[in-house]
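Presented below is the structure to which this report refers.
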Amino acid sequence: MMVILEWLSGLCLLLGGVLCITGGVGLLRMPDFFSRVHASGVTETLAAPLLLSGLLLQMELSLDSVKVIMILILVLATNPTATHAMAKATLHGGQRPLEFANDKDIGGDGLSKP
Amino acid sequence: MLTVAIVAIMVTMFLALIRTFLGPTEYDRMLAANSFGTKTVLLIALGGHALSWHSFLDVALLYALVNFVGTIAVMRFFEYSNASEERDDPGAAA
Amino acid sequence: MIALAAILLSDLFAVVMLFGVYSLLTAALFMDLDAVDVAFTEAAVGAGVTTVLMLSSLHLTRRWEALPRRKPLLGLLVIGITGAALVYAVLDAPLLGDPTAPVHQHVTPRYLEQGAEEVGVPNLVTAVLASYRGYDTFGETVVIFTAGLAVLLLLGIHEDARMRPGVSAIGDQVVLRSVVKPLLPLILIFGLYVQFHGDFGAGGGFQAGVIFATAFVLYELVFGEGSARAVVPPGWLHRLAALGVLIYGGVGVYSLLAGKAFLDYSALATDPVHGQHLGILLVELGVGIAVFSVVLLIFYAFSGRSRRQ
């Protein structure tokens, strides 16, 4: 039983770490604000519960585990909200997503205006 | 495995920090700062457990909250910097 | 390094964000030094409230740092001499954890050895803060109250007709409102937990007051100044701030009237340890109320002003 918990915890931590780095790389490499917000928002909101569950499986059941669950719920609730609010604010501020429709390599027809 | 996760979080924090310095618009910086804050919460939670700090989960919970409030404050004061009278919201008197 | 960047940048918005990160790193340093209560307060105040207050004052003034008109060489000289003197003094300080350091002699062994039985509270930091050094904490509470007074005298709470309930600068964000509304009671419950759990873990009046204020600051940011002032009118806050200080002072005066020294908690109950518990509870309550009302008052004063005044 303990071995299963340890393996599960290790798996969660590994997945969470990989997702974190993916999000970070996406934050740097994406060409446009809106793609960045999508990259970091989605990956972080999944990575945080995975990492916290990995931590939870490593602790004994006590007040600390309840606190970890509370942090998990808080991050799960506030991270998407903040992402949405930021994207909406950016739209309000006048930014628009980058258009690639003129690039024939990715299926565009070259007829749309930028 | 805990150390691997902590190193991954620190790498991500460094990447987010680069975006904070680079980001051509303020919106990018805001996004990267929010991301940095969320990673910090995870770092405090995991690192505190690894280093056996006392009461580190309270600090992590608090900082998750503070990060959210900070992001909303930045939005309120810089993106919506017009005074209240221009955003009259009929459905908001709840 | 972050401090250097904060000095050199002239974009004050970036400087405010950097200060937030700096406070967070300092909080992490405090955690590493095993000073959890201090780290908690630093994270709450430095990264939370101060960032929001600085952002609101940036909103009122200008965003880019004005260049100085002349080179302040005299100021540089004064700071250089003072800094050098401070560094020289620090070189002479005892190493961290040195058992022969002066701070570990005199009263500290008594606090450490007899604190648990005299005060009966597991968290020794709260015992020292609220009981052994109660006078200092009373002074701190009065200082916080005075700061609130000063802000009120200088800025005042500006009420105007534009601030109607339901009007908010962040316009039409349905998702934000729907998520923040149920979050607020949870934050308040967390604040209550921190207030009463100060005896056992990290926490206490200061941190709890700041967390309470953060909840209402969040409400004001999302729902607008009008709604926030309808929920917690500024008049209440004036009275609550005074009430916090009066509760603390009242405990002291009660001890005087009962024939003992000011803030001697053993006058509160027949069993001295029970009296200590009751005293610490009341005193932390006073601190929490005072800190909450003053922080919220300062935020109201800043956010109530509009740009063109």
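Summary table
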| quantity | calculated |
| --- | --- |
| Qualifying residue in the stretch C:157-171 (condition: of a type in the set (S, T, N, Q), closer than 30 Å to C:HIS59 by Cα, crowded, with 17+ Cβ neighbours inside 10 Å and more than 11 Å from every other protein chain (Cβ to nearest Cβ)) | no |
| Any hit, the stretch C:89-110, residues being within 30 Å of C:PHE262 (Cβ to Cβ) and in a loop (DSSP other than H, G, I, E, B) | yes |
| The one condition in (1) crowded, with 18+ Cβ neighbours inside 10 Å; (2) facing chain B (nearest Cβ under 10 Å); (3) farther than 18 Å from B:LEU61 by Cα; (4) not acidic (Asp, Glu) that C:SER57 fails to fulfil | (1) |
| Subset of the stretch B:17-38 (residues that are touching a residue at least 12 places away in the same chain (Cβ under 8 Å), under 13 Å from the mean Cα position of the chain (by Cα) and within 11 Å of chain C (Cβ to nearest Cβ)) | B:LEU17, B:THR20, B:MET30, B:ALA32, B:ALA33, B:ASN34, B:PHE36, B:GLY37 |
| Residue list for the stretch A:43-57, restricted to those being of a type outside the set (Gly, Ala, Ser) and at the interface with chain B (Cβ under 7 Å from one of its Cβ atoms) | A:GLU44, A:LEU51, A:LEU52, A:LEU55 |
| Test: residue in the stretch C:171-189 that is among the small types (Gly, Ala, Ser) and in contact with a Lys or Arg (Cβ under 6 Å, 6 or more places away or on another chain) | yes |
| Among the candidates A:LEU74, A:LEU61, A:LEU46, A:LEU91, residue that is among the hydrophobic types (A, V, I, L, M, F, W, C), at pLDDT below 90 and either outside any loop (DSSP other than H, G, I, E, B) or surrounded by 15 or more Cβ atoms within 10 Å (Cβ to Cβ) (or both) | A:LEU91 |
| The stretch C:189-209, residues that are of a type in the set (A, V, I, L, M), more than 9 Å from chain B (Cβ to nearest Cβ) and buried (at least 21 other Cβ atoms within 10 Å of the Cβ) | C:ALA208 |
| Filter result (surrounded by 24 or more Cβ atoms within 10 Å (Cβ to Cβ) and within 7 Å of chain A (Cβ to nearest Cβ)) within the stretch B:40-57 | B:VAL41, B:LEU42, B:ALA45, B:LEU46, B:LEU57 |
| Residue within the stretch C:259-271 that is touching a strand residue (DSSP E or B) at 6+ places or on another chain (Cβ under 7 Å) and in the same structural domain as C:ASP172 (by TED's automatic domain parsing) present | no |
| Within the stretch C:111-134, tally of residues that are touching a helix residue (DSSP H, G or I) at 6+ places or on another chain (Cβ under 9 Å), of a type outside the set (Ser, Thr, Tyr) and part of a helix (DSSP H, G or I) | 13 |
| Filter pass, A:GLY23 being at pLDDT 90 or above and either in contact with an Asp or Glu (Cβ under 9 Å, 6 or more places away or on another chain) or of a type in the set (Lys, Arg) (or both) | yes |
| Residues satisfying the stated conditions in the stretch C:56-76, i.e. within 26 Å of C:GLY209 (Cα to Cα) and either touching a Cys at 6+ places or on another chain (Cβ under 8 Å) or free of Cβ contacts under 8 Å to residues at least 40 places away in the same chain (or both) | none |
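A quick yes/no check of all residues on (1) charged (D, E, K, R); (2) more than 7 Å from chain B (Cβ to nearest Cβ); (3) touching a helix residue (DSSP H, G or I) at 6+ places or on another chain (Cβ under 9 Å):
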{"position": "A:LEU61", "(1), (2), (3)": "no, yes, no"}
{"position": "A:LEU74", "(1), (2), (3)": "no, no, yes"}
{"position": "A:HIS84", "(1), (2), (3)": "no, yes, yes"}
{"position": "A:GLY93", "(1), (2), (3)": "no, no, yes"}
{"position": "A:ARG96", "(1), (2), (3)": "yes, yes, yes"}
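The values are calculated or read from the model by the stated rules, or taken from the named source; none is laboratory data. Model, not experiment: these values are computed from the prediction. Don't worry about glycine lacking a Cβ; one is built from the backbone with ideal geometry, like all the others, and counts go over all protein chains shown.
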